[in-house]
Amino acid sequence: MSERLEMLKKARERMADDRDAFAKTLAAPFDRDKAERARLKFIETQLLIDAIDRAIAGEPAAA
């Protein structure tokens, strides 16, 4: 596996962990300030994960 592909996969894993933390905040008892921030960060993080997935899909397959 190429170094670049490995780096993308690690970045995706780290962003998925961050997304899970925001989801946990959203699932917790409601606190308007925390929920609003978590919702925005969740969406932002998911967009980033989608972009990383596209980058991974665009990498040439390892020989």
Fill in the blank from the handout: Counting only backbone N atoms under 13 Å from a point 7 Å out along Cα-to-Cβ of residue 53, the residues of region 1-26 in range are 12-13, 16
Problem - Computed label-point distance, nm, for sites residue 23 and residue 35 using a 7 Å Cα→Cβ extension - result: 1.9 nm
Practice task
Kindly express, to the nearest 10 degrees and within the range 0 to 90, the angle between helix 3-27's C-alpha long axis and the longest C-alpha principal axis of the chain.
Solution key: 10 degrees
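On the protein heavy atoms, probe 1.4 angstrom, tell me the percent of accessible surface of the chain carried by carbon and sulfur.
Details: 2760 of 4990 Å².
Exposed carbon and sulfur together represent 55 percent of the surface.
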Practice task
Would you mind checking the radius of gyration and Dmax of the chain based on alpha-carbon positions, in Å?
Solution key: 14.7, 50
Completion exercise
The relative contact order of the chain, taking Cα pairs under 8 Å that sit 6 or more residues apart, comes to a percentage of 48 percent
Exercise for the section: Over the chain, give the accessible area per residue in Å² for a 1.4 Å probe, as an integer. Expected result: 79 Å²
Fill in the blank from the handout: CD proxy, 222 nm, the chain: helix-only mean residue ellipticity via -39,500 (n - 2.57) per DSSP H run with n ≥ 4, per residue, nearest 500, stands at -29500 deg cm²/dmol
Completion exercise
The helix 32-58 Cα axis meets the longest alpha-carbon principal axis of the chain at an angle in degrees, between 0 and 90 and rounded to 10, of 10 degrees
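The values are calculated or read from the model by the stated rules, or taken from the named source; none is laboratory data. Since the structure is predicted, the reported quantities are computational estimates derived from the model, not experimental observations. A quick note on method: Cβ atoms are made from the backbone with ideal geometry, for glycine too, and the neighbour counts reach across all protein chains shown. All accessible areas refer to the heavy atoms of the entire protein, side chains included, with ligands and DNA or RNA removed. Shrake-Rupley method; radii C 1.70, N 1.55, O 1.52, S 1.80 Å.
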